[in-house]
Protein chains: 2
Amino acid sequence: MKLATYKDGTRDGQLVVVSRDLSTAHYATGIASRLQQALDDWGFIAPQLQDLYETLNQGKPRHAFAFDPALCMAPLPRAYQRLTGSSYASHAALLGEEGTRLAVHQAASDAMLGAHDPVLCANDNLGVDFSAEIAAITGDVPMGASADEALESIRLVMLSNAISLRNVTPGVQSQAAAAFSPVAVTLDELGDAWDNGCLHLTVQVTWNTRKVGLCDAGADMTYHLGQILAYASKTRGLRAGTLVSSGTVSNAGFEIDGQTQWPKGYSCIAEKRAMETLLDGAATTDFMKFGDNVQMEAKGKDGQSVFGAIDQALVPAGA
Amino acid sequence: MKLATYKDGTRDGQLVVVSRDLSTAHYATGIASRLQQALDDWGFIAPQLQDLYETLNQGKPRHAFAFDPALCMAPLPRAYQRLTGSSYASHAALLGEEGTRLAVHQAASDAMLGAHDPVLCANDNLGVDFSAEIAAITGDVPMGASADEALESIRLVMLSNAISLRNVTPGVQSQAAAAFSPVAVTLDELGDAWDNGCLHLTVQVTWNTRKVGLCDAGADMTYHLGQILAYASKTRGLRAGTLVSSGTVSNAGFEIDGQTQWPKGYSCIAEKRAMETLLDGAATTDFMKFGDNVQMEAKGKDGQSVFGAIDQALVPAGA
């Protein structure tokens, strides 16, 4: 099934069930008003949401309405935990980061952005960069879970745009915001595109109407989401509603005539700049500026958008 | 006023108002069932809780009951964000950490422990260490808030015991758990013990019935809680219900006859070991072992416990 959270003026919004083709939606009122409620008691609540989803796909419910992604908060607007990993070694290698070891960090989760929410920033000379990532929401993960056991805890999958400030020292201040796709989907929706913690779909990134990224999220995933969760749960259990993100989706480059080629574009500007520096000795592509727009989407084999599109503008804070 | 959260089998527990002397309590049912609700709408809900608190202190409410700290969850059992700072430069210096610069990290906040909850650990050779800290819960903190503005957002103050695994590489895996005092108190309860983001009270730490720490939490606080919040809110707003912790409470040592003296004991074992290494060339005090107990408490000028006592045993996970 596909779930979203509609804006209603509250901090948690209203849970809605969305049809498979993203055309219609229905409030989950009477089942659960907030997604966290469903995550806290998934075994009991998920089947009821699934029933509503099936009725919705058959076009039957009386109170269905046209689904508008612009009215969405993040599916989980605030979460009790967010873990970010470094799933793609090719990204880390290009950026000269920690290499091939899995790195996992705690990230802020008090204010997740909706798919069409603007990215607010004090000024645009901080190196504002987007990052297309695969994200999941878990149930409870016991302490000491294996990667396979941790995978079993994944309830929902989304796309995410993690905004970082590349000119700010990496840490609490450099992680400016994270937005999520309009809908979060259960694993059965993904069919064989979901394989062992990897999402085998192309993530399309469009920056100011130019298609800049068409990376395959599954091909070069060095560490899958279950491995990130197993790493984090080594010394403590993780509670239901934990968000986990893959880090920037990336594909490995290849060599032609002794030059590294970059097959499928980039999912963050820092990669483009690193590649320029490698090839030409200097980065020429600038980071995002106020008024810039970034879109992210993944389509299934049928050509339909699986999660809906992230579509965000960078705007001055307080404007 | 003083607030606590009673265990009721749910993940968030039930909000209770506790009398100033910690002898009686009253469910806040009808006002707010969970602390996060009160934080989300503090201006509206806090005065109603305050009214109940005053009635309780006068011994009047019909449904008051004896307050039992053993039945407490953390005042905020799960939070949307936890920030930890390095408020005490003397602690950082002793441990050879990042020196005098303020360091702020995101920490896990999905499963905060109650004051009497056991600390679960897979094995006790990981360097299990306690850490007595000052913690606060905030309302919304706007992006770019000054340290003074951030202080204005502090709603409640607590003691915290942050359990870390000193033999594990610092990061996600080394932060095993955090427990909080039975009650969280508003700033007016602290009187002049609260001064500009510093808590001028002695934090008493007892390890296996031996009093090992009597550090003054205010005297040597290099960075107050408002400074930690201002650091974290530089590039994004922080939402209501953010937990912020000071890092290990510590007092600066002084020199007598060319030897560094340690005036008021220690609030974490790592400090004791660092001091032993400095003085004798090797650490002789071992970290916590299964069955060990640690208690933390702060008393006001009247000799009464302000927050109630943290009282935790280290037990094997799964036992």
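The values are calculated or read from the model by the stated rules, or taken from the named source; none is laboratory data. Nothing here was measured: the structure is a model prediction, and the numbers come from that model. Note that each Cβ is placed from the backbone with ideal geometry, even for glycine, and that neighbours are counted across all protein chains shown. Note: accessible area is taken over every heavy atom of the protein model, side chains too, but ligands, DNA and RNA are not part of it. Shrake-Rupley method; radii C 1.70, N 1.55, O 1.52, S 1.80 Å.
A few comments on the model shown:
- All positions within the stretch B:73-112 that are in a loop (DSSP other than H, G, I, E, B), open to solvent by 20 Å² or more (accessible area, probe 1.4 Å) and at the interface with another protein chain (Cβ under 8 Å from one of its Cβ atoms): B:111
- When each of A:57, A:123 is tested for being surrounded by fewer than 23 Cβ atoms within 10 Å (Cβ to Cβ) and either aromatic (Phe, Trp, Tyr) or away from every other protein chain (no Cβ under 13 Å) (or both), the lone residue that passes is A:57.
- Of the strands (runs of 3 or more DSSP E) lying entirely inside the stretch B:205-319, the ones with 1 or more residues being surrounded by 14 or more Cβ atoms within 10 Å (Cβ to Cβ) are found at B:210-216, B:242-245, B:293-298, B:310-316.
- Criterion: touching a residue at least 40 places away in the same chain (Cβ under 8 Å), open to solvent by less than 60 Å² (accessible area, probe 1.4 Å), away from chain B (no Cβ under 14 Å) and in a strand (DSSP E or B) - qualifying residue of A:70, A:46, A:25, A:115: A:25
- When residue A:150 is tested against the conditions (1) more than 14 Å from chain B (Cβ to nearest Cβ); (2) open to solvent by less than 20 Å² (accessible area, probe 1.4 Å); (3) over 14 Å from the mean Cα position of the chain (by Cα), the lone failure is (1).
- Condition met for residue A:214 (out of contact with any Pro (no Cβ under 6 Å at 6 or more places or on another chain) and modelled with pLDDT under 95): yes
- Any hit, the stretch B:88-101, residues being in contact with a helix residue (DSSP H, G or I) (Cβ under 9 Å, 6 or more places away or on another chain) and at pLDDT 95 or above: no
- Failed condition for residue B:241, given (1) more than 22 Å from residue B:17 (Cβ to Cβ); (2) within 14 Å of chain A (Cβ to nearest Cβ): (1)
- Matching residues, the stretch B:3-22, being among the small types (Gly, Ala, Ser) and either open to solvent by 40 Å² or more (accessible area, probe 1.4 Å) or over 26 Å from residue B:302 (Cβ atoms) (or both): B:9, B:13
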